[in-house]
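Visitor: Here it is, the structure in full.
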């Protein structure tokens, strides 16, 4: 085993850890960061995506098609949820937490009753490559690439399109936006659906490495939340990236220097410290520092 | 609500529990309250042993729910880690209890540890949080992280070397004696001046004891939130900055109420450990923490009585559902979603305000719109 | 003065709740039925593993009742099976165990999948002097007067299987496992097995639940390059090790006693993620033999939605059958007399996994275990029948449950003869 391989392994793990956080959190930044809803059912949306992707794949669809289908299906599920329930809870963090917890129980248990305890997952594609005597799965890097692509797409959507401008206006000041002719209800529904579609795609991606069961998503939700909240809402997308960079870094270093237990503990502990140092999230912290630097 | 100076003593005492921060300030309410307490006190006379035992557990949960209601409903601090204090209290009781039951013959110190350990812990965490001016969802997530970290630690204490005196932390299998010669987790045994009374968690005496503690906590909190300190709490909830400009040290207020809340949660945890002679690290995970939030939110976080009612009702419902098989959690989910859609500010509080409105209109028909009514309307 | 009446409301809610539960709670008049109370995860995380166990219970009870019931106190009594959903929640197990004991007046309580669930229910059941059964694999060594265990223990799984693995592949092994009681105990047992069979553990590490990124560990294992690996990976995140190891080209054989047997992962992961894993079940539907095939087809006939007939189904079934035998032998459902009957080595010759026999001195059972290999296409092939293994762990350290139950759990470290193996440095 060569040093180059060892060093590459660390880099690989760093990207792998980051991909996990980014994918799990990508849909949540819209729903939490822009709409003030704590969606505890996000993991269940991912589960829906995973089920759709796996079923489509086993029915003969190629994997990319299956994953797009997962996104569409989860997005549609999002529309239904938003119309029926979520719309009553905008900007009520804690009521939304309770109601979406209820939704997550309903969705996962209904899946258990209707679809049975489990289905076959999808095979991990692309094989492996080796660097300096170590071999690595290609798919973990694909995960990272997809995560980055999704985040960039969301950013572009909200930055450049007419929908994005209307959406940001509606988040900033709904009354003013409505007065200017923006259909805020539709905007909210669409934003929530896009958040869910991202969750569905993430679920489809994870379906190729994890077993799929009705409780598939539960394990992603808490970590995704911690990442999103740490990022802060001053600039949700940038915050998420900072948070993922930071947490993945801590985890990679700690689990290689010590062991995965320490890695796991330190990801929590470092989130704790970061929240204490930056009481309104990383993005707010960085914006303020920048503002201060500008003043000087 | 001015009382005439000639008012009878009970009325004057009652007045200190009444005020705009709580629903249910009328004589009619207190009569119903007395009837309810009487019914609860007589429960062991007509219910089976199982129901008494289960009711003890529900009452313990109510104390936990009240502790969250105090900080969330009255001071606006949401903690997603309230179960952490419950767990710390439970473990503290168990560890001290196992070590001291034989030399002391009672669990007085263990119960005290169950209250003080989480309070001290809360003082550390709360100091860090409030003095760095953390607020809102950040406090909530930070407390969840703290709870998860505690859970992570406690789960991996399966190694026999994790002992504190005669107590073995025991990892996922729960706290127990370190060796065969160490005593088991003791029942609640109160000692005073050489006498010791044991309250077996499965018996009536324990139930009555918990009921007494529950009533004391309830009345104590009603007194607190209707005192001038209670107004300060609500001021912090409504506008932290404005309260600060009036010259109050809001950080100290938040820290104080946070410690008090942790102490109550710890008391609840200690009673739970004594009740089942068992404490395990599962209580630190996400679900138990959210469960407390659910009890409080479904009841109505801005009123103590509503929270107690919803905790008792939800506990009864969910244990009943366990007999339904596969659809038990599904049904619980449906209940939660329906409740939150029907009454976003809490089912019990909304219903209470509604009943209060009807009864009040019938009684007086007067035009004086009192504060509780306006609170009811605001709910 | 305004009025509101939340308390009145609370009263009605409470009495309503009490009435509702009281209606269902009236104890059977003088108990004309024998009550078997079971608590299993029908919803939540662990329902995948535990639901088949409830099928085993229902099949056994149906067979016994169809045959007219059990003769106790001079007349035939039917078995009343009361099933609760533990909802994958430890606290719920404690509450439901109380319900079984006090409300349902159960003659026996069978509860729990994980160690935490088991302890929550068991402690409550035994402190109220009721018979308790745990019916899947466990870490063994629990010596309690009221507790019985139908499933295999490390004596039947770890010791014979590791011996075979060493003979087959070589002595050098690595151990990775979830950081909790069961896997910690399995780690000790693996050390003993390695010591007894001349193996060497080159690496031993424990991971918290929820770890899903395994590249660092995979690198480490590759660095060690063992002859085979021993795994105790638990939970949906930890089993992601397998596709990652496959992708990273780590192809050393793996021995695991928590995969396939409980959660039938070979039916849930796309092949070939789990190829080359060796598992030691006491029963799965691939076990050869007439009894095994009959049992699987009976379960499938009764519950067509069954994905895979796992170990839980078989030992749930065996436990109820064994209790019926014990009641018949004792001629009563009296707790002490039933325990005495159970301790007289009750046996089930046609158990699904082959002849099964409770050992009274141990409260654990003698049974067959098997070593299976997962093929590339995720079919299972039998490597060898590990044979009928007697439980002797408690006897070896001087415990005879028929004489005196120490009411505690013993681990390999309690056996002085094994001290040397446990102190082996990694």
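Visitor: What's log10 of I(q)/I(0) for the range B:1-85 at q = 0.13, 0.23 Å⁻¹, Debye sum over Cα points only, no solvent?
Guide: Results for the range B:1-85 at q = 0.13, 0.23 Å⁻¹ read -0.67, -1.10.
Visitor: How are the C-alpha pair distances of the range A:4-113 spread across 10 Å bins, as whole percents from the shortest bin up?
Guide: 14, 36, 29, 16, 5, 0
Visitor: Can you tell me the alpha carbon radius of gyration of the range B:47-103 divided by the globular rule-of-thumb value 2.2 N^0.38 Å? Don't skip to the end; give the middle numbers.
Guide: Numbers: Rg = 15.1 Å, N = 57, 2.2 N^0.38 = 10.2 Å.
Expressed relative to 2.2 N^0.38 Å, the Cα Rg reads 1.47.
Visitor: Moving on. Rank the residues C:308, B:93 as a footprinting-exposure proxy: fewest other Cβ atoms within 10 Å of their Cβ go first.
Guide: Details: C:308 20, B:93 32.
Fewest-to-most ranking of C:308, B:93: C:308, B:93.
Visitor: Ok, one more. For the range B:184-292, restrict the atom set to alpha-carbon positions and state the Rg and Dmax in Å.
Guide: According to the Cα coordinates of the range B:184-292, Rg and Dmax are 18.3, 54 Å.
Visitor: Using the Kirkwood radius built from alpha carbon pairs, what does the Stokes-Einstein equation give as D for the range C:102-183 at 10 °C and 1.306 mPa s, in µm² per second? Kindly include the intermediate steps, with their values, before the conclusion.
Guide: Details: Rh = 14.7 Å.
So the translational diffusion coefficient is about 108 µm²/s.
Visitor: Summarise the partner chain shielding of A:211-221 as one whole number: the mean count of Cβ atoms from other chains within 10 Å of each residue's Cβ.
Guide: On the way: counts 15, 3, 6, 5, 8, 1, 0, 5, 8, 2, 1.
The per-residue average across the peptide is 5.
Visitor: P(r) tail for the range B:166-217, what percent of Cα pairs lie past 15 Å? Don't jump to the answer; show the numbers that get you there.
Guide: Values: 829 of 1326 pairs.
I get 63 percent for the Cα pairs in the range B:166-217 exceeding 15 Å.
Visitor: Can you compute the modelled spin-label distance between residue B:164 and residue B:342, with each label point 7 Å from Cα toward Cβ, in nm?
Guide: 4.4 nm
Visitor: Can you tell which of B:189, B:157, B:245 shows the greatest fluctuation in a Gaussian network model of chain B with Cα springs below 10 Å?
Guide: With Cα springs under 10 Å in chain B, the top fluctuation among B:189, B:157, B:245 is at B:245.
Visitor: As an exercise, find the ratio Rg/Rh for the range C:90-244 from alpha-carbon atoms, using the Kirkwood inverse-distance average for Rh. Intermediate results must be reported in sequence, preceding the final value.
Guide: Values: Rg = 18.4 Å, Rh = 17.2 Å.
Over the Cα atoms of the range C:90-244, Rg/Rh equals 1.07.
Visitor: Over the alpha carbons of the range B:149-196, what is the largest minus smallest coordinate on each principal axis, giving the biggest first in Å?
Guide: Principal axes ranked by extent give 40, 25, 15 Å for the Cα atoms.
Visitor: Still on this structure, please answer the following. Want the number for residue C:63 to residue C:402: 0.36 nm per residue separation, take away the alpha-carbon distance, what's left? Could you put the intermediate results ahead of the total?
Guide: Working: separation 339, 0.36 × 339 = 122.04 nm, distance 3.03 nm.
Stretched fully, the residue C:63-residue C:402 segment lengthens by 119.0 nm.
Visitor: Out of every Cα-Cα pair in the range C:141-220, what percent are more than 15 Å apart? Walk me through the intermediate numbers first.
Guide: Working: 1983 of 3160 pairs.
Result for the distance tail: 63 percent.
Visitor: Moving on to the next point. Where does the range A:206-296 land on Rg/Rh, using Cα atoms and the Kirkwood Rh?
Guide: Numbers: Rg = 15.5 Å, Rh = 14.4 Å.
Radius of gyration over Kirkwood radius for the range A:206-296 works out to 1.07.
Visitor: Using a 7 Å offset from Cα along Cα-Cβ at residue A:115, what residues in the range A:205-227 end up with backbone N under 14 Å from the label point?
Guide: Label zone hits: A:205-208, A:210-218.
Visitor: Listing A:188, B:248, C:283 from the residue with the fewest other Cβ atoms within 10 Å to the one with the most, what is the order?
Guide: The most exposed by this proxy come first: B:248, A:188, C:283.
Visitor: What average count of beta carbons from other chains do you get within 10 Å of the Cβ of residues in C:119-128? Walk me through the intermediate numbers first.
Guide: Numbers: counts 7, 7, 0, 2, 8, 5, 0, 0, 7, 1.
That works out to 4 on average.
Visitor: Report D for the protein assembly as shown in µm² per second (integer): Stokes-Einstein, Kirkwood Rh on Cα pairs, 20 °C, 1.002 mPa s.
Guide: Translational D for this selection: 70 µm²/s.
Visitor: If you take the Cα Rg of the range A:35-96 and divide it by 2.2 N^0.38 Å, with N the number of residues, what do you get? Could you put the intermediate results ahead of the total?
Guide: Details: Rg = 13.9 Å, N = 62, 2.2 N^0.38 = 10.6 Å.
Relative to the 2.2 N^0.38 Å estimate, the range A:35-96 comes out at 1.31.
Visitor: So if I average 1/r over every pair of distinct C-alpha atoms in chain C and take the inverse, what Kirkwood radius in Å does that give? Don't jump to the answer; show the numbers that get you there.
Guide: Numbers: mean 1/r = 0.0444 Å⁻¹.
Evaluated over chain C, this radius sits at 22.5 Å.
Visitor: Taking every pair of distinct Cα atoms and averaging 1/r, then inverting, what Kirkwood hydrodynamic radius in Å comes out for the range A:3-216? Can you show the working numbers first?
Guide: Working: mean 1/r = 0.0551 Å⁻¹.
Radius from the Kirkwood sum: 18.1 Å.
Visitor: Given the C-alpha atoms of the range B:31-168, compute the convex hull and give its volume per residue in Å³. Kindly include the intermediate steps, with their values, before the conclusion.
Guide: Details: hull volume 22.3 nm³, N = 138.
Per residue, the Cα convex hull of the range B:31-168 comes to 161 Å³.
Visitor: Calculate, in nm to one decimal, what residue B:229 and residue B:120 gain on full extension: separation in residues at 0.36 nm each, minus their alpha carbon distance. Don't skip to the answer; put the middle values down first.
Guide: On the way: separation 109, 0.36 × 109 = 39.24 nm, distance 2.13 nm.
Stretched fully, the residue B:229-residue B:120 segment lengthens by 37.1 nm.
Visitor: Please report A:223, C:173, C:401, A:176 as a ranked list, fewest other C-beta atoms within 10 angstrom at the top and most at the bottom.
Guide: Numbers: A:223 20, C:173 27, C:401 23, A:176 12.
In order of increasing Cβ crowding within 10 Å: A:176, A:223, C:401, C:173.
Visitor: Count, for each residue of B:282-288, the Cβ atoms from other chains sitting within 10 Å of its Cβ, then give me the mean as a whole number. Mind showing how you got there, number by number?
Guide: On the way: counts 10, 2, 0, 4, 7, 7, 3.
That works out to 5 on average.
Visitor: Same structure, new question: When all alpha-carbon pairs of the range B:9-378 are counted, what percent fall beyond 34 Å? Could you put the intermediate results ahead of the total?
Guide: On the way: 19205 of 68265 pairs.
Distances greater than 34 Å cover 28 percent of the Cα pairs.
Any read-out appearing in this document is the output of simple, stated calculations on the displayed coordinates, not a laboratory observation. Everything quoted here is computed from the prediction, not taken from an experiment. Heads up, the Cβs are rebuilt from the backbone with ideal geometry, glycines too, and the neighbour counts pull from every protein chain shown.
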